[in-house]
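Any read-out appearing in this document is the output of simple, stated calculations on the displayed coordinates, not a laboratory observation. Values in this document were obtained by computation on a predicted structure and should not be read as measured data. All Cβ positions, glycine included, derive from the backbone under ideal geometry; neighbour counts span all protein chains shown.
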Amino acid sequence: MEPTPENKKFLVTGALAGLLNGFFGAGGGIVLVPLFIRWIRLPERESFATSVFVVLPMCIASAVIYFIRGSIDFSVALPYLLGGFLGGILAGRIFKRVPVSFLRRFFGAILVYGGVRAVLLL
């Protein structure tokens, strides 16, 4: 069976997200949200939620590889894991009540902040 043009878009989008996630931690969501919105044409709220859902298996795959290679310091990771888990639960519960315009602006601000920090640290 030959992949359709839509399936090819999905595979390319997923591959880009997986590469970023593997190299930089959770960078897959940074590329997924804009690609879901502009290229796949998902509604914004659905793009944010789908990105979270797609990033989870990528993070698990990357974490397993880093664990096998002995690159994870559990004493450092555990507090962030617990905080991230609680933050994820809170965000999931209030997500539908947050206006899309706020999500868009906040996401953009995080991208700008991260970009400025990356350039200044070089």
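Against the definition (touching a Leu at 6+ places or on another chain (Cβ under 7 Å) and not hydrophobic (A, V, I, L, M, F, W, C)), how does Ser71 come out, yes or no?
It is false that Ser71 is touching a Leu at 6+ places or on another chain (Cβ under 7 Å) and not hydrophobic (A, V, I, L, M, F, W, C).
Listed residues Val64, Val54; which is hydrophobic (A, V, I, L, M, F, W, C) and over 15 Å from the mean Cα position of the chain (by Cα)?
Exactly one of Val64, Val54 is hydrophobic (A, V, I, L, M, F, W, C) and over 15 Å from the mean Cα position of the chain (by Cα), namely Val64.
Just give me the residues in the range 55-93 being free of Cβ contacts under 8 Å to residues at least 24 places away in the same chain, under 17 Å from Val33 (Cα atoms) and among the aliphatic types (A, V, I, L, M), in sequence order.
Leu56, Ala91
Quick check on Ile60: is it assigned to a loop (DSSP other than H, G, I, E, B) and among the aliphatic types (A, V, I, L, M)?
No: the conditions fail for Ile60.
Residues that are touching a helix residue (DSSP H, G or I) at 6+ places or on another chain (Cβ under 6 Å) and under 28 Å from Leu11 (Cα atoms): does the range 62-78 have at least one?
yes
Tell me which residues, restricted to the range 24-72, are more than 30 Å from Arg97 (Cβ to Cβ) and of a type in the set (A, V, I, L, M).
Listed by number, the residues that qualify are Ala61, Ala63, Val64, Ile65, Ile68, Ile72.
I'm trying to understand the selection: among the residues of the range 94-111, which are of a type outside the set (Lys, Arg), free of Cβ contacts under 8 Å to residues at least 24 places away in the same chain and surrounded by 10 or more Cβ atoms within 10 Å (Cβ to Cβ)?
The answer is Val98, Phe106, Gly108, Ala109, Ile110.
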